[in-house]
Amino acid sequence: QVQLVESGGGLVQAGGSLRLSCTVLGRAFNTDAMGWFRQAPGKEREFVAARNWSGSNTDYADSVKGRFTISRDNAKNTVYLQMNSLKPEDSAVYYCAARVFSGSRNWDDYRYWGQGTQVTVSS
């Protein structure tokens, strides 16, 4: 059974930082592309960042470029999302997702999903 276990969400003031983690269990992590998405209340799920299986290619939404960094540690089967200079509009439930080889901005391209972790940024 494949599980994506997320952690690291919480409450932070604007301008602060958080690091989200997502550990993949029950799957060969080193061949997967990993993505992060987020969904705020009343809004559609949106792409945040993705990193391909080898780590040679990363992609970011314009809204987070320069502030967020996606990284992965294949030895730990874990992907991270470092979030700096957080803004109130970054508040959402953040989800990690996995698919084979290449990253994608389309949430329905991903087969496996984490349970989500809440990020709240106060002004």
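The values are calculated or read from the model by the stated rules, or taken from the named source; none is laboratory data. Nothing here was measured: the structure is a model prediction, and the numbers come from that model. Neighbour counts are summed over all protein chains in view; Cβ atoms, including those assigned to glycine, are modelled from backbone coordinates with ideal geometry. All accessible areas refer to the heavy atoms of the entire protein, side chains included, with ligands and DNA or RNA removed. Shrake-Rupley method; radii C 1.70, N 1.55, O 1.52, S 1.80 Å.
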In this structure, does residue 5 turn out to be touching a Phe, Trp or Tyr at 6+ places or on another chain (Cβ under 9 Å) and either at negative phi or acidic (Asp, Glu) (or both)?
no
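Yes or no, residue by residue, for (1) within 19 Å of residue 111 (Cα to Cα); (2) part of a strand (DSSP E or B); (3) open to solvent by less than 30 Å² (accessible area, probe 1.4 Å):
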position	(1), (2), (3)
37	yes, yes, yes
42	no, no, no
62	no, no, no
79	yes, yes, yes
93	yes, yes, no
Quick one: count up the residues across the range 95-123 that are at positive phi and open to solvent by 40 Å² or more (accessible area, probe 1.4 Å).
1
Looking at (1) in contact (Cβ under 8 Å) with a residue 24 or more places away in the chain; (2) surrounded by 17 or more Cβ atoms within 10 Å (Cβ to Cβ); (3) out of contact with any helix residue (DSSP H, G or I) (no Cβ under 7 Å at 6 or more places or on another chain), find the lone condition where residue 31 falls short.
(2)
For the range 95-123, what are the residues that are of a type in the set (Gly, Ala, Ser), under 12 Å from residue 37 (Cα atoms) and outside any loop (DSSP other than H, G, I, E, B)?
97, 98
Any idea which of 47, 68 is within 15 Å of residue 97 (Cβ to Cβ) and either open to solvent by 70 Å² or more (accessible area, probe 1.4 Å) or at pLDDT 95 or above (or both)?
47
Need pairs with beta-carbon distance below 8 Å; first residue under 11 Å from residue 80 (Cβ atoms) and within the range 1-24, second open to solvent by less than 30 Å² (accessible area, probe 1.4 Å) and in a loop (DSSP other than H, G, I, E, B); sequence gap 6+ or separate chains.
6/114; 6/116; 18/86; 22/114
